[in-house]
Each structure stands twice: as structure tokens, then as C-alpha cells.
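Input: a single structure, listed below in C-alpha cells.
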Amino acid sequence: MATSIALPIIRTRRPSPKLCSLASSSGKTSSSPLSNYDIFLTRDCLAYSKVKPAVNQIETRPCFQRDSLVKFCQKHGVCVTAHTPLGGSVANKEWFGSVSCLDEPVLKGLAEKYKKTVAQVVLRWGIQRNTVVIPKSSKSERLKDNIVVFDFELSEEDMGIIKSIDKEYRTNQPAKFWVINLYA
């Protein structure tokens, strides 16, 4: 039976085929994970690795949808896991000046329409676009709310409305420090 192991993420111009398939060739796992790989790194990993990556964990939410990357991964059978699907914590607002998607008026309106919290609408949106969502909260009542997302479905029209609010807006804004465009 295969087990999970963590591999160091090494940022290179091209993902090393050896790194991408190291764990698999040793017989310890049957696939390799990716974390924060853009389209170009994911494409290179698919092209040069002997082992197809199983998952790419990326930052994505209604205000930072990364639709082209999500579609690319899904087209090639790579599961997309959305980390910080709700936009992160208060610390992000303090450190990076980011505004949470939970404050988005469109999402608040949809939450009222469905009689759900904004977080539940956002999580449901992520599920309906076939991504895995992994919300985090330190509050037990929010943890309970976050799991109650399977008793409703957003309409196609509402999914389209959410698609229209993409602002390519990261919660964590590393581009401010690195002075480069990180969107892919």
C-alpha cells in the first residue's frame, strides 16, 4: 500500500523530472503532489516527469479564481486543491492590505438568497467547480458551518455571477515584495 510522504518544493526554471518522480520510483508513493505550481511549471512537470502529479494545491477563491490554471489541471487529470478558499485571516488584511472575499457584496447577496453564510456560498462554489476546498478556522462554530455545504446547490446563473467578480486578487500579496506579476 502506498503511503504519503512530503517532498521539498524546489523552485527551478523547470521542475526536475527526478524530483517529480523520486518518491514514486522508490516505491513509497504512487504519485507526486504539486504546491503553488502555475500553468508553466505544471505543464513542464507533466511533460518531463515519469509520474503524473495527482494534485496541485493553489490559492484560489471567487476574487482570485485562476480559471485557466484550474481548467488546465482538470484537463490533464490533476486534482486542484484550493488552500485559503475563504481568503485567509485578519493577519492578511493587516500585513498585506488584502480584503477578504467574505466582504464581497455580490457574495453577501447570494448568501441571503440561499439562507447560508457567505463562507458556505464560497465553499459550495469551489466544490461545484470541481476543486477540493480546505477551509481553516480556529472557531468551532465556523468549522461546523463549513461542513454544511452539501444541502444546497448554486444555480448556473449564480455560478456565472460569481465568475464575474474575479479580481485576480491574492490574499497574500507576494508580488508587492518581489515586484513581479505572479498571476497565471
Within the range 115-125, restricting to residues that are farther than 28 Å from SER68 by Cβ and in contact (Cβ under 8 Å) with a residue 12 or more places away in the chain, the one that is surrounded by the most Cβ atoms within 10 Å (Cβ to Cβ) is LYS116
Which pairs turn up if I take residues in the range 126-141 that are within 24 Å of ILE161 (Cβ to Cβ) and look for partners that are among the acidic types (Asp, Glu) and surrounded by fewer than 16 Cβ atoms within 10 Å (Cβ to Cβ) with beta carbon separation below 8 Å, at least 6 apart in sequence or on another chain? GLN128/GLU153
Of the residues in the range 155-169, how many are surrounded by 12 or more Cβ atoms within 10 Å (Cβ to Cβ) and assigned to a helix (DSSP H, G or I)? 5
In the range 128-154, what residues are outside any strand (DSSP E or B), surrounded by fewer than 17 Cβ atoms within 10 Å (Cβ to Cβ) and of a type outside the set (D, E, K, R)? GLN128, ASN130, SER137, SER138, SER140, LEU143, ILE147, VAL148, PHE150, PHE152
Please specify each residue of the range 98-127 satisfying the condition of being assigned to a helix (DSSP H, G or I) and β-branched (Val, Ile, Thr). VAL106, VAL118, VAL121, VAL122, ILE127
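To keep it simple, each residue is scored yes or no on (1) out of contact with any strand residue (DSSP E or B) (no Cβ under 6 Å at 6 or more places or on another chain); (2) assigned to a strand (DSSP E or B).
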position: LEU41; (1), (2): yes, no
position: VAL51; (1), (2): no, no
position: ASN56; (1), (2): no, yes
position: GLN74; (1), (2): yes, no
position: GLY77; (1), (2): yes, no
position: THR81; (1), (2): no, yes
Report yes if CYS63 is buried (at least 19 other Cβ atoms within 10 Å of the Cβ) and modelled with pLDDT of 60 or more, otherwise no. yes
Tabulated pairs, the range 56-77, first free of Cβ contacts under 8 Å to residues at least 40 places away in the same chain, second among the hydrophobic types (A, V, I, L, M, F, W, C) and in a loop (DSSP other than H, G, I, E, B), C-beta under 7 angstrom, 6+ apart or interchain: ASN56/VAL78
Evaluation of CYS73 against (1) closer than 28 Å to LYS139 by Cβ; (2) at pLDDT 60 or above (one fails), failing number: (1)
Is it fair to say THR42 is out of contact with any helix residue (DSSP H, G or I) (no Cβ under 6 Å at 6 or more places or on another chain), under 30 Å from LEU107 (Cα atoms) and buried (at least 17 other Cβ atoms within 10 Å of the Cβ)? no
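The values are calculated or read from the model by the stated rules, or taken from the named source; none is laboratory data. What you are looking at is a predicted structure, and each value in this text was computed from that prediction instead of being measured. We place every Cβ from the backbone using ideal geometry, glycine too, and count neighbours over all the protein chains shown.
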